[in-house]
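The values are calculated or read from the model by the stated rules, or taken from the named source; none is laboratory data. Since this is a predicted model, take the numbers as computed values, not measurements. Note that we place each Cβ from the backbone using ideal geometry, even for glycine, and neighbour counts take in every protein chain shown. The accessibility values were calculated without ligands, DNA or RNA, using every heavy atom of the protein model including side chains. Shrake-Rupley method; radii C 1.70, N 1.55, O 1.52, S 1.80 Å.
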Amino acid sequence: MSELTFEQMLEESLKTIHTGEVVEGTVIDVKPEEIILNIGYKSDGVLTRNEYTNEPNVDLTTIAKPGDTMEVKVLKVNDGEGQVLLTYKRLAADRGNKRIEEAYENREVLTAKVAQVLDGGLSVVVEEVRIFIPASLVSDTYEKDLTKYAGQEIQFVISEYNPKRRRYIGDRKQLILEEKAEMQKKLFETIKIGDTVEGTVKNVTDFGAFIDLGGCDGLLHISEMSWGRVENPKKVFKVGDVVKVLIKDISGTKIALSLKFEDQNPWRDAASKYAVGTEVTGRVARMTDFGAFIELEPGIDALLHVSQISKEHIDKPSDVLKSGEEVTAKVVDFNEADKKISLSIKAMFASEPKAEKLPTKTLYL
């Protein structure tokens, strides 16, 4: 039997490899653009930056150092120069595909950082697999500008998995809706009419403000914003304001709110403050053809009828009064049940003492 040469023994001691095979190698050299590995084959393996990651301009010297071990996939046994071409990102993608498949089948909630904001949605990467989240599935409400999500970690589920077409669709909207449904359920289990709760102003319209109560929005109508008169809700509230509100009514999932707390009701002591005969001063709040409404305090208006404005006849209140003007008058009627107060300026003149007549003298000549 002939003895094997050293080269032959060395050749036999080295393993054979095949394209597509997963091998473990030891890093023997690292450059910014490539990693050289000993993979137990007659030739060293080369892992280029492009085959390590899809991220641009990565310095591989910050990723690996001599002596590190790595699992890689054989891309080509001979690159034409006697070296073995290796890939890490494709191995990671293969494993990532499996990971995404399992997440899809189990409806697992995944967490990933937004890698890119696109015109039609967001792109995230999970174990080297790119997942697209369409704009319509980013939130439960339409969001025109998605740039706020750039670099943020978000949670989502896989709603579509198609490895043949490399189509992986994520859905964040589902999770938001499920979370809100759970919060809504808990909210309605804990609140009742008459409760005072804290919420955040979510939107302000001409007719009221929508308050986020944590699971459901309640409507604070303009008529319930104050015991006084509110002309424009947008001058009173802004989005993000935190307010304490009263649960006025609950109908299904609709919640009516109020800021008219009973302990602040101006009519509680109105009977004593505005008893008949009392002189009061107020501001002209609005006028009609039949009279002017005088705001005595926020929440209490009194009617100054056109016939009670002056001793002289006037056709309409605007002939002698203007909005915002302060007037002093006497309370001539108080109806607590209907919350109506009537005023009179004429009554003040009627109560003035008449000038005393001097006795006449008869002169005799």
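Checking each residue in the stretch 17-58 for being open to solvent by 60 Å² or more (accessible area, probe 1.4 Å) and outside any loop (DSSP other than H, G, I, E, B) picks out VAL22, GLU24, ILE28, ASP29, LYS31, ASN38, ARG49, ASN50. Scanning the stretch 94-115 for residues that are out of contact with any helix residue (DSSP H, G or I) (no Cβ under 8 Å at 6 or more places or on another chain) and in a strand (DSSP E or B) yields THR111, ALA112, LYS113, ALA115. Looking at this structure, is VAL280 open to solvent by 60 Å² or more (accessible area, probe 1.4 Å) and not polar (S, T, N, Q)? So VAL280 does not fit the description; no. Count, please, the residues in the stretch 121-150 that happen to be open to solvent by 50 Å² or more (accessible area, probe 1.4 Å), in contact with a helix residue (DSSP H, G or I) (Cβ under 6 Å, 6 or more places away or on another chain) and at pLDDT 95 or above. Result for the stretch 121-150: 0. Say whether the condition of being among the acidic types (Asp, Glu), closer than 24 Å to VAL204 by Cβ and outside any helix (DSSP H, G or I) is met by at least one residue in the stretch 238-246. Taking every residue of the stretch 238-246 in turn, at least one turns out to be among the acidic types (Asp, Glu), closer than 24 Å to VAL204 by Cβ and outside any helix (DSSP H, G or I).
Taking GLY252 as the residue in question, decide whether it is surrounded by fewer than 18 Cβ atoms within 10 Å (Cβ to Cβ), touching a Gly at 6+ places or on another chain (Cβ under 6 Å) and at pLDDT below 95. No, not satisfied. Comparison of LEU118, LEU110, LEU91 shows that the only residue that is surrounded by 15 or more Cβ atoms within 10 Å (Cβ to Cβ) and modelled with pLDDT under 95 is LEU91. Is one or more of the residues making up the stretch 221-232 closer than 30 Å to ASN335 by Cβ and in a strand (DSSP E or B)? Checked against the condition, which is being closer than 30 Å to ASN335 by Cβ and in a strand (DSSP E or B), the stretch 221-232 yields at least one hit. Annotation: LEU110 fulfils all but one of (1) in contact with a Phe, Trp or Tyr (Cβ under 7 Å, 6 or more places away or on another chain); (2) free of Cβ contacts under 8 Å to residues at least 40 places away in the same chain; the unmet one is (2).
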